[in-house]
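Single-structure report; data block below.
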Amino acid sequence: MGRFISKQARPQLWRQGFTLIELMVTLAVLAIVVSVAAPSFNNMIANNRSTSMASELVAAVNFARSEAIKRAKPVSICPSSDGAACLSSADEWAKGWLVFVDNAASDSADVDEGPILRYWDKLDKKAVVSFKKDTTAAAYLRFNSKGMLARSGNADTDDRTFEAYVSGCTGDASRKIKVGVAGLISSSKLTCP
């Protein structure tokens, strides 16, 4: 049989729970912490999206070069919004890009789309991508059958350069992707605008 313990003999038990004032103070502190952390979190997301998009662009250029070597045919990459055709404007790289076997008769000719190899779309809505030959905007990048940069003549010794970032990035999350005459691809960090 159990023993009966009187109220006086039992230790005082603390009531469990929070008072209304404790709860309000905790919520106020939480609101302050969230308001300070939210902008940093948004910047971190933009930076991660920026570096991820640039990595995808590097992968696309590497893919185009390796396909040119594998197929022993010229392969090009151009801006595309539908995966079926190149866009004619050089400032539309942020809409996506298309890699295809290029049937152009010469390196200096415009693209002559052959079989499509791969299409990259669904870029970030705030994506900014530019592509230049020296200082002039360009609408496509072509590798010859040896994986070298297709040039318009012996005097064409300019590297081709992409710059890619997502608007709202901070720090060095922007990327500069350089394609040399030999077809070698390098990526370096840039400060976000």
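The values are calculated or read from the model by the stated rules, or taken from the named source; none is laboratory data. All of these numbers come straight from a predicted model, not from anything done at the bench. With ideal geometry, Cβ positions are generated from the backbone for all residues, glycine too; neighbour counts draw on all protein chains shown.
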Handout entry: Verdict on Gly147 being within 25 Å of the chain's Cα centre (by Cα), assigned to a loop (DSSP other than H, G, I, E, B) and touching a residue at least 60 places away in the same chain (Cβ under 8 Å)
Key = yes
Exercise for the section: Would you mind stating whether Ser152 is in contact with a helix residue (DSSP H, G or I) (Cβ under 7 Å, 6 or more places away or on another chain), assigned to a loop (DSSP other than H, G, I, E, B) and of a type in the set (Ser, Thr, Tyr)? Expected result: no
Exercise for the section: Could you please let me know if Ser35 is modelled with pLDDT of 90 or more, on the phi < 0 side of the Ramachandran plot, polar (S, T, N, Q) and part of a helix (DSSP H, G or I)? Expected result: no
Completion exercise
Screening Phe143, Phe131, Phe162 for residues that are buried (at least 19 other Cβ atoms within 10 Å of the Cβ) and touching a Pro at 6+ places or on another chain (Cβ under 7 Å) leaves only Phe143
Completion exercise
Reported set for segment 110-123 where residues are loosely packed, with under 14 Cβ neighbours inside 10 Å and either among the small types (Gly, Ala, Ser) or at pLDDT 85 or above (or both) is Pro115, Asp121
Handout entry: The listed residue being part of a loop (DSSP other than H, G, I, E, B), surrounded by fewer than 16 Cβ atoms within 10 Å (Cβ to Cβ) and hydrophobic (A, V, I, L, M, F, W, C), out of Ala90, Ala84
Key = Ala84
Completion exercise
Expected output for segment 50-73 (first residue farther than 21 Å from Ala173 by Cα, partner in a helix (DSSP H, G or I), Cβ below 8 Å, 6+ apart or cross-chain) is none
Handout entry: Residues of segment 171-193 that turn out to be under 14 Å from the mean Cα position of the chain (by Cα), in contact (Cβ under 8 Å) with a residue 40 or more places away in the chain and over 30 Å from Asn144 (Cα atoms), as a count
Key = 2
Practice task
Would you check if Lys122 is in a loop (DSSP other than H, G, I, E, B), over 22 Å from the mean Cα position of the chain (by Cα) and basic (Lys, Arg)?
Solution key: no
Completion exercise
Reported set for segment 86-127 where residues are of a type outside the set (D, E, K, R) and in contact (Cβ under 8 Å) with a residue 60 or more places away in the chain is Trp93, Trp120, Leu123, Ala127
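Can you find, within segment 50-102, the residue that is nearest to Asn144 (Cα to Cα) among those that are of a type in the set (Lys, Arg) and touching a strand residue (DSSP E or B) at 6+ places or on another chain (Cβ under 8 Å)?
Lys73
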Exercise for the section: Determine, yes or no, whether Ser76 is under 25 Å from Cys192 (Cα atoms), modelled with pLDDT under 95 and not charged (D, E, K, R). Expected result: no
Practice task
Go through segment 78-102 and give me each residue that's within 19 Å of Ser66 (Cβ to Cβ) and not charged (D, E, K, R).
Solution key: Cys78, Trp97, Leu98, Val99, Phe100, Val101
Exercise for the section: Exactly one condition in (1) of a type in the set (Lys, Arg); (2) in a loop (DSSP other than H, G, I, E, B); (3) closer than 18 Å to Ala72 by Cβ is not met by Arg142; state its number. Expected result: (2)
